[in-house]
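Novice: One structure, pasted below without further comment.
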Amino acid sequence: MNQPRVRLREMLAKPQMIVAPFVFDCLQARLAQEAGFDAVYMTGFGTAASRGYPDLGLLTMSEMVANVRSIAGAVELPVICDADTGYGNPVNVWRTIREYEDAGAAALHIEDQVWPKRCGFLAGKQVIAMEDMAPKVRAACDARRDANLVIIARTDALQPLGWDETERRARAYRAAGADLIFVDGIKTVDDLNTYAKRLGDLPLIYNGDLLPIDDLAKYPFRVTIHIGTLLAAYRTMRDTMRELKRSGKIAAVNTGSGVFEEFIRTMGVPEYQSLEEKYRN
């Protein structure tokens with residue numbers, strides 16, 4: 001039995017909102033676990049960026065699955081995963097679900113964008129017909145072998161088609177069997193309020209950082225995936241690189257600041273050293 005999936009189901013049955021920070025590698029996932037989060041979100045945007053690509057549908061399913069397997073193997077937390085459009089028709093979605101499930105995903109979302117898709121906050125998105133997406137949701141639900149695997153249906157219809165069509169799709173995908181509904185591209189507090197008002201009777205995911213977590217917890221969202229960690233990591237690395245190039249040093253940290261020791265503890269060096277001692281001849 002996959003314990004992270006069981007824990008995610010148990011958390012979803014409780015009234016408290018789950019907060020899952022964006023991560024795209026194992027180090028970030030371990031830091032989230034150390035910080036005390038209950039789940040992490042494997043971002044497609046970040047996974048693509050870590051491989052040098054924009055989030056424009058350039059990564060393959062196998063590349064995404066490889067990252068799922070790495071992150072799920074590095075932490076004990078449930079890993080909620082981006083699965084793009086499912087990488088094809090309902091038969092492709094079937095295989096995608098099996099691959100993500102085998103890799104250790106606790107939850108995953110598929111979306112109704114036209115392939116190649118793009119980041120949910122970019123302009124120019126297009127969506128497939130609702131009648132073409134609903135069978136993909138059904139296929140996703142049927143394909144799972146572990147009933148605890150959470151299937152999330154995402155719609156990107158808000159930007160191109162507006163709220164009426166977005167609500168129609170969200171309710172259709174829920175009727176098709178999705179455990180959670182995810183409307184992406186919420187850019188304003190007004191949209192956030194409309195999301196909660198129009199669809200608050202459904203189990204919802206919110207993607208963003210428009211309000212502090214304590215304020216978001218007052219909304220009817222079961223899960224918030226928080227993009228702020230991704231943006232902060234980018235800015236910190238960018239500024240550190242610029243500082244080193246400009247001044248020849250990094251003022252905040254050095255090998256004598258204790259950060260290196262924290263780093264090796266996070267990566268489990270003491271545990272591996274104990275194993276070395278155990279099996280030393």
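Novice: Name the residues in the range 12-40 that are crowded, with 19+ Cβ neighbours inside 10 Å, part of a loop (DSSP other than H, G, I, E, B) and within 12 Å of the chain's Cα centre (by Cα), would you?
Specialist: PHE24, ALA39
Novice: Quick test of your reading of the structure: GLY46 fulfils all but one of (1) modelled with pLDDT under 95; (2) under 23 Å from ASP112 (Cβ atoms). Name the failing condition by number.
Specialist: (1) is the only condition that GLY46 fails.
Novice: Check the range 60-73 and report whether any residue there is basic (Lys, Arg), more than 17 Å from PHE24 (Cβ to Cβ), modelled with pLDDT of 95 or more and touching a helix residue (DSSP H, G or I) at 6+ places or on another chain (Cβ under 7 Å).
Specialist: First, the residues of the range 60-73 that are basic (Lys, Arg): 69.
Those left that are additionally more than 17 Å from PHE24 (Cβ to Cβ): none.
So far as the range 60-73 goes, no, none of its residues is basic (Lys, Arg), more than 17 Å from PHE24 (Cβ to Cβ), modelled with pLDDT of 95 or more and touching a helix residue (DSSP H, G or I) at 6+ places or on another chain (Cβ under 7 Å).
Novice: Right, something else. Looking at TRP94, is it assigned by TED's automatic domain parsing to the domain that holds ILE151, over 16 Å from PHE182 (Cβ atoms), over 17 Å from the mean Cα position of the chain (by Cα) and buried (at least 17 other Cβ atoms within 10 Å of the Cβ)?
Specialist: Numbers: assigned by TED's automatic domain parsing to the domain that holds ILE151: yes; over 16 Å from PHE182 (Cβ atoms): yes; over 17 Å from the mean Cα position of the chain (by Cα): yes; buried (at least 17 other Cβ atoms within 10 Å of the Cβ): yes.
In short, yes.
Novice: Please determine whether any residue of the range 215-233 is free of Cβ contacts under 8 Å to residues at least 12 places away in the same chain, more than 22 Å from ALA48 (Cα to Cα) and assigned by TED's automatic domain parsing to the domain that holds PHE45.
Specialist: Yes, there is a match, as at least one residue in the range 215-233 is free of Cβ contacts under 8 Å to residues at least 12 places away in the same chain, more than 22 Å from ALA48 (Cα to Cα) and assigned by TED's automatic domain parsing to the domain that holds PHE45.
Novice: I would also like to ask the following. Checking the structure you have, find out if any residue of the range 64-71 is assigned to a loop (DSSP other than H, G, I, E, B) and either outside the structural domain of ILE205 (by TED's automatic domain parsing) or surrounded by fewer than 21 Cβ atoms within 10 Å (Cβ to Cβ) (or both). Show your work before the answer.
Specialist: Initial filter on the range 64-71 (assigned to a loop (DSSP other than H, G, I, E, B)): none.
There is no residue in the range 64-71 that is assigned to a loop (DSSP other than H, G, I, E, B) and either outside the structural domain of ILE205 (by TED's automatic domain parsing) or surrounded by fewer than 21 Cβ atoms within 10 Å (Cβ to Cβ) (or both).
Novice: Go through the range 179-205 and report how many residues are in contact (Cβ under 8 Å) with a residue 24 or more places away in the chain and either outside any helix (DSSP H, G or I) or among the basic types (Lys, Arg) (or both).
Specialist: Adding up the residues that qualify gives 14.
Novice: Can you find, within the range 210-262, the residue that is surrounded by the most Cβ atoms within 10 Å (Cβ to Cβ) among those that are assigned to a helix (DSSP H, G or I) and touching a strand residue (DSSP E or B) at 6+ places or on another chain (Cβ under 9 Å)? Step through it out loud before you land on a result.
Specialist: So the first thing to find is which residues in the range 210-262 are assigned to a helix (DSSP H, G or I), and the list is 213-216, 228-247, 259-262.
Then keep just the ones that are touching a strand residue (DSSP E or B) at 6+ places or on another chain (Cβ under 9 Å); that gives 213, 216, 228-231, 233.
Details: ILE213: 12, LEU216: 19, GLY228: 12, THR229: 24, LEU230: 19, LEU231: 12, ALA233: 17.
Out of the qualifying residues, it is THR229.
Novice: Answer yes or no as to whether GLY177 is modelled with pLDDT under 95, in contact with a helix residue (DSSP H, G or I) (Cβ under 6 Å, 6 or more places away or on another chain) and surrounded by 15 or more Cβ atoms within 10 Å (Cβ to Cβ). Give the derivation first.
Specialist: Values: modelled with pLDDT under 95: no; in contact with a helix residue (DSSP H, G or I) (Cβ under 6 Å, 6 or more places away or on another chain): yes; surrounded by 15 or more Cβ atoms within 10 Å (Cβ to Cβ): yes.
In short, no.
Novice: Still on this structure, I have one more. Go through the range 142-171 and report how many residues are in a helix (DSSP H, G or I), among the hydrophobic types (A, V, I, L, M, F, W, C) and either in contact (Cβ under 8 Å) with a residue 60 or more places away in the chain or surrounded by 18 or more Cβ atoms within 10 Å (Cβ to Cβ) (or both).
Specialist: Of all residues in the range 142-171, those in a helix (DSSP H, G or I) come to 142-143, 158-161, 163-171.
Next cut, among the hydrophobic types (A, V, I, L, M, F, W, C) only: 143, 158, 161, 163, 170.
From the residues that got through so far, the ones that are either in contact (Cβ under 8 Å) with a residue 60 or more places away in the chain or surrounded by 18 or more Cβ atoms within 10 Å (Cβ to Cβ) (or both) too are 143, 158, 170.
Count: 3.
Novice: Now, a different point. Consider ALA105 carefully, then state whether it is in a loop (DSSP other than H, G, I, E, B) and crowded, with 21+ Cβ neighbours inside 10 Å. Break it down into steps so the answer makes sense when it comes.
Specialist: Working: in a loop (DSSP other than H, G, I, E, B): yes; crowded, with 21+ Cβ neighbours inside 10 Å: yes.
So ALA105 fits the description; yes.
Novice: Among the residues of the range 56-77, what is the count of those that are in contact with a strand residue (DSSP E or B) (Cβ under 9 Å, 6 or more places away or on another chain) and more than 21 Å from LEU149 (Cβ to Cβ)?
Specialist: Count: 1.
Novice: Still on this structure, please answer the following. PRO135 is checked against (1) part of a helix (DSSP H, G or I); (2) farther than 22 Å from ASN207 by Cα; (3) without any contact (Cβ under 8 Å) to a residue 24 or more places away in the chain and fails just one. What number does that condition carry?
Specialist: So the condition that PRO135 fails would be (3).
Novice: Right, next: Can you give me the number of residues within the range 242-281 that are under 32 Å from the mean Cα position of the chain (by Cα) and within 19 Å of GLU76 (Cβ to Cβ)?
Specialist: So the answer is 8.
The values are calculated or read from the model by the stated rules, or taken from the named source; none is laboratory data. What you are looking at is a predicted structure, and each value in this text was computed from that prediction instead of being measured. When we count neighbours, we look across all protein chains shown, and the Cβ atoms used for this are built from the backbone with ideal geometry, even at glycine.
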